[in-house]
Amino acid sequence: MMRPAATAEAIVDALRQGLVALDASQRVVMANPAFCEMFQTDPTAIQGKSLFAIHDGVLDIPELRIVLEDSLPSGMPSAELEIRPTLPHVGKRVLRVRARRLHHVLLVIDDITERERQAEALRGSEARARAILNATADGIITTDLHGVITMWNPAAERIFGYTTDEALGRKVTMLMPSSQDSPQKSAIEHGDDHGGFIAWFRDAVPRIIGQTAREVVGRRKDGTRFALELAVSQFYDEKGLRFVGIVRDITQRRHADDDERQRLAELVRVHRVSLVSELGVSLAHEVSQPLAAIVNTLGACARNIREGKGTKKDLLHLVNRAINESLRASEIVRNLREMARGRPLQRQDLDLRALIERVIHLIARHRERHHIGLRLALGDEPLQIHGSAVELEQVILNILQNAIESILESRRSHREIAISLSKIADDKLVEVAVRDTGVGIPSSSMERLFEPLFTTKPSGIGMGLAISRSIVEAHGGRLWVAPGEHNPGATTVRLTVPLAPQTTRPGRTRRRNVA
Ligand SMILES: Nc1ncnc2c1ncn2[C@@H]1O[C@H](COP(=O)(O)OP(=O)(O)O)[C@@H](O)[C@H]1O
Ligand SMILES: [Mg+2]
């Protein structure tokens, strides 16, 4: 059995805190190993010395003097005092000191430098995180495992209309439209119960994490619904698994996209009208031909009837001819009108080859009248793509119109437009190439061709290629111009459009080795 004094001594020696006993004049009576270690000294060196003399006075700190000399009541521990001396060999430390007057004055010293440093770092990163949370335009929301909101930043206040106080502690489901106020289910809700939602959230996290944000529907405090982009991630804090959702109000962006689309659609429409009215002059001329033929045929018919000449069969033949000419005229007019008006803009599955044939047909007379030949290599199978027929017809029409105008300008004897269609890029794309024997494009204009309003024609508008390129790119393709390869000075305009994924037809299935 240890004597009480020995026990006390053992405890003092084992303490990790530095402990020093002082007499009434602050001279060291005893110091424990932790104290000696802290101050890089040994008991004999400081025995009987003033505390304030150790290491040339590292502890000679005014606050400490006040505590020790005057105001230390008997028996009561002093308030904690934090001092920051620079110690020999170890440098600047943060020490927490408590004093107590018993028989001697006992001084207990805690080295809290590391703890301080960690707290400091934490405060720093917390302050940084706070600053980011407050400044970011994205709503940042954290929830616990049960969907209860544990953090809510100012942007989330702005986006959803709930203040931080209102949001904290409530379920994140209040931010999502419930099935009552949305007949069609939004992507974010999954079942009406919160449990279902949380399950969705939890299941979704592994799938969403590391992926780009997805668009979902949100609900503001006032009940209005809006489009938002949601990215979800997870983390652990001292209370366990947490989810963090980063939300961005994309209503504005949606509007901007819509505006952009509408502007383009309007531009496309205006351009189409101008394109058709340009063609219209020559097409009006085409219509007058069948009309004249009709007048002649029916005139002959009337004459025959009046004079009692010709058999019934002859008369029928003349009437049929008149009917055919009428159909031809009305078809020209109808094509023109449809082209100008534009059928409703819709993406649909369509055959690009048939589309090109329609446009060729539309300008056939115009082309023939100017004695321009046509060489076609359209292949013999339909080429299915997904897109807007009206828009793509306009692109082809514009390219052909440019080709004709260029040929008319050149006055060369070889007048020809060649159109070819081919599958490229492992049958993923179809390429249309339109080559003409016109004036060609000087390299100085090459770069500016696609600029809106760039034209070299006296009455040109300069929108054709610009609009055509936007249309083709909106279809996931490209449009570019290369100087003619076979014919110096001639031009080839090329465009690509993605082919619709092949539906396998029995007997025509092509097998490929999949690596
Ligand atoms: N096939 C072509 N051959 C020569 N130049 C062309 C051809 N296609 C387009 N260009 C040039 O590109 C310019 C812009 O064409 P476009 O955008 O259709 O506007 P516009 O036909 O109203 O001038 C034309 O003015 C012309 O200089
Ligand atoms: Mg043009």
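The values are calculated or read from the model by the stated rules, or taken from the named source; none is laboratory data. Owing to the predicted nature of the structure, the values given are computational and were not obtained by experimental measurement. Heads up, the Cβs are rebuilt from the backbone with ideal geometry, glycines too, and the neighbour counts pull from every protein chain shown. Surface accessibility is based on the protein's heavy atoms, side chains included, excluding ligands, DNA and RNA. Shrake-Rupley method; radii C 1.70, N 1.55, O 1.52, S 1.80 Å.
Protection proxy ranking for 142-154, 418-430, 119-131, using the average of other Cβ atoms within 10 Å per residue and placing the highest first: 142-154, 418-430, 119-131. Over region 110-175, accessible surface divided per residue gives 53 Å², non-protein components excluded, 1.4 Å probe. Listed by chain and number, the aspartates and glutamates whose C-alpha is less than 20 Å from the C-alpha of Lys457, apart from same-chain residues fewer than 8 away, are Glu278, Glu405, Glu409, Asp436, Glu447.
The accessible surface of region 4-115, taken with every protein chain in place and a 1.4 Å probe, is 54 percent carbon and sulfur.
Roughly to the nearest percent, how much of the accessible area of region 303-453 is carbon and sulfur, given a 1.4 Å probe?
52
Looking at region 346-504 from every direction and averaging, what is the projected area of its Cα convex hull in nm²?
Average projection, Cα convex hull of region 346-504: 9.5 nm².
Spin-label model, Ala284/Ile323: points 7 Å from Cα along the beta carbon direction are separated by 3.1 nm. Extending 7 Å from the Cα toward the beta-carbon at both Glu409 and Leu453 defines two label points whose distance is 1.9 nm.
Suppose R0 equals 30 Å. What FRET efficiency, 1/(1 + (r/R0)^6) with r the Cβ-Cβ distance, do Lys313 and Leu291 give to the nearest 0.05? It comes out at approximately 0.75.
Straight distance only, please: which aspartates and glutamates reach the Cα of Lys239 with their own Cα at less than 18 Å, same-chain residues fewer than 8 apart left out? Hits, sequence-local ones excluded: Glu126, Asp144. Under the combined filter of DSSP loop state and at most 15 neighbouring Cβ atoms within 10 Å, region 137-175 retains these trypsin sites (Lys or Arg not before Pro): Arg170.
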